[in-house]
1. Counting heavy atoms of the protein chains only and a 1.4 Å probe, report the per residue accessible area for the range 63-173 as a whole number of Å².
2. When the chain is modelled as a GNM with alpha-carbon springs shorter than 10 Å, which of 154, 124, 78 fluctuates the most?
3. Figure the gain on full extension for residue 87 and residue 1 (residue separation times 0.36 nm, minus the Cα-Cα span) and round it to one decimal in nm.
4. When only DSSP loop residues count, what trypsin sites (Lys or Arg not before Pro) in the range 27-83 have their Cβ near at most 16 other Cβ atoms within 10 Å?
5. Grab the Cα-Cα distance for residue 161 and residue 45, subtract it from 0.36 nm times how many residues apart they are, and report the gain in nm with one decimal.
6. Grab the Cα-Cα distance for residue 146 and residue 54, subtract it from 0.36 nm times how many residues apart they are, and report the gain in nm with one decimal.
7. Where nothing but the Cβ of Lys and Arg (+1) and of Asp and Glu (-1) is charged, how large is the charge dipole of the chain around its Cα centre, in debye to the nearest 20?
8. Report the FRET efficiency, 1/(1 + (r/R0)^6), for residue 27 and residue 169, where r is their Cβ-Cβ distance and R0 is 30 Å, rounded to 0.05.
Amino acid sequence: MDIEIRPGDITTAETDAIVNAANSGLLGGGGVDGAIHRAGGPEILAACRELRATSFPDGLPAGQAVATTAGRLPARWVIHTVGPVHSASEDRSATLASCYRESLRVAAGLGARSIAFPAISAGVYGWPMDDAARLAVQTVRESVEELGETVGTVVFVPFGEAAERAFRARLEA
Ligand code: ADP
């Protein structure tokens, strides 16, 4: 598996799948979620509403992942995953790791050969960037053993200089 860093806006990523740091309601939000729905158009929201009406009436639980169309985006699929809100009193790392692992599983199931990730939970959900990058890189590396070479390319898309520094440091570690 090839792991790369391409800083910038994930909505322009030309990978087969891009991952959305969604909230459990799946009906849009701020941050990367808002950017994906804005750039991808109403088809994505329609697919999310359908998921709420069928598979996830109570919303998508944190740590899980589900795919929809990517609408007008260059990607074929958006894989929505819900990160945990960072907590100072409770270790929610396993849930954050699960977001990366489950997204990769969904991607492999779809036959996606490439996938792009934002820094899940590291925005409004408050996860410290260095630790978010550490968990992201570690979990993706560990998943190679399980998934083999199904998904050949994983791209991290840090947004902003601090994020880019954190991801580069972890990838080079
Ligand atoms: P969460 O609620 O999981 O914290 P956010 O969307 O608030 O999700 O933030 C997750 C990360 O995505 C943050 O590092 C934020 O800076 C970044 N981000 C925001 N917009 C984009 C975008 N267009 N492309 C890639 N990353 C983005």
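The values are calculated or read from the model by the stated rules, or taken from the named source; none is laboratory data. What you see is a predicted model; the values in this text were computed from it and never measured. Methodologically, a virtual Cβ is constructed for each residue, glycine included, from the backbone with ideal geometry; neighbour enumeration extends over all protein chains shown. Each accessible area value is taken on the protein alone, full model and side chains, heavy atoms only, with ligands, DNA and RNA left out. Shrake-Rupley method; radii C 1.70, N 1.55, O 1.52, S 1.80 Å.
1. Numbers: 5010 Å² over 111 residues.
About 45 Å² of surface per residue is accessible.
2. Most flexible of the set in this elastic network: 124.
3. On the way: separation 86, 0.36 × 86 = 30.96 nm, distance 3.17 nm.
Full extension of this stretch gives 27.8 nm more.
4. Working: sites: 38, 49, 52, 72, 76; in loops: 72, 76.
Answer by residue number: 72, 76.
5. Working: separation 116, 0.36 × 116 = 41.76 nm, distance 3.00 nm.
So the extension gain works out to 38.8 nm.
6. Working: separation 92, 0.36 × 92 = 33.12 nm, distance 2.94 nm.
So the chain would gain 30.2 nm between residue 146 and residue 54.
7. Values: 15 positive and 21 negative charges, 67 e Å.
Its charge dipole is roughly 320 debye.
8. Working: r = 35 Å, r/R0 = 1.17.
The value I calculate is 0.30.
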